[in-house]
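The values are calculated or read from the model by the stated rules, or taken from the named source; none is laboratory data. The structure displayed is predicted, hence computed values, not measured ones. Glycine gets a Cβ as well: all are built from the backbone with ideal geometry, and neighbour counts include every protein chain shown.
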Amino acid sequence: MNEAASGREALLIRAFVELADTLVDGYDIIDLLDRLAGYCVELLAADSAGILLADARGDLRVVASTNEQTEWMELLQLQADQGPCVECFRTAAPVSVVDLSEATRRCPPVRGGARRSRVLPLGARAAAAAAW
């Protein structure tokens, strides 16, 4: 096994152990989700990550994000009631936007709002959403 694979394997083991350690009486679910988002960035080579959960009525809420820009992008999608995360939730299928300029066609208010408020990190070109 090469050094890069060994390092990734060690990080994956550390992530599982740390996340499992939080699942004890009185654990803080928000802390767990923040850690999970952070590990997603490290393990998936993403620039940022956000986690949305549906409440009992099926309304999505932002519960964790790795930075303020990602949280704003998630909130813009919820406000517009469209975007990759909303589409993923509704269809229960992964959504990948390889070219964010294409998002203008798919969800104009999200892309326009993101551009106006500068919530997209400089150089961001893609987005992905998955449901579990």
- Query: Just a yes or no: is a residue in segment 59-72 over 12 Å from the mean Cα position of the chain (by Cα), in a helix (DSSP H, G or I) and within 20 Å of VAL98 (Cβ to Cβ)?
  - Reply: no
- Task: Take segment 1-50 and flag every residue that is β-branched (Val, Ile, Thr) and assigned to a loop (DSSP other than H, G, I, E, B).
- Result: THR22, VAL24
- Task: Kindly list the number of the only condition in (1) more than 18 Å from CYS88 (Cα to Cα); (2) of a type in the set (Asp, Glu); (3) surrounded by fewer than 11 Cβ atoms within 10 Å (Cβ to Cβ) that fails for GLU9.
- Result: (3)
- Could you check, for segment 68-77, whether at least one of its residues is closer than 30 Å to ALA5 by Cα, modelled with pLDDT of 85 or more and in contact with a helix residue (DSSP H, G or I) (Cβ under 9 Å, 6 or more places away or on another chain)? yes
- Task: Could you list all residues from segment 42-78 that are buried (at least 19 other Cβ atoms within 10 Å of the Cβ) and free of Cβ contacts under 8 Å to residues at least 12 places away in the same chain?
- Result: none
- Query: Considering GLY123, GLY83, GLY112, which residue is modelled with pLDDT under 90, surrounded by fewer than 18 Cβ atoms within 10 Å (Cβ to Cβ) and at positive phi?
  - Reply: GLY123
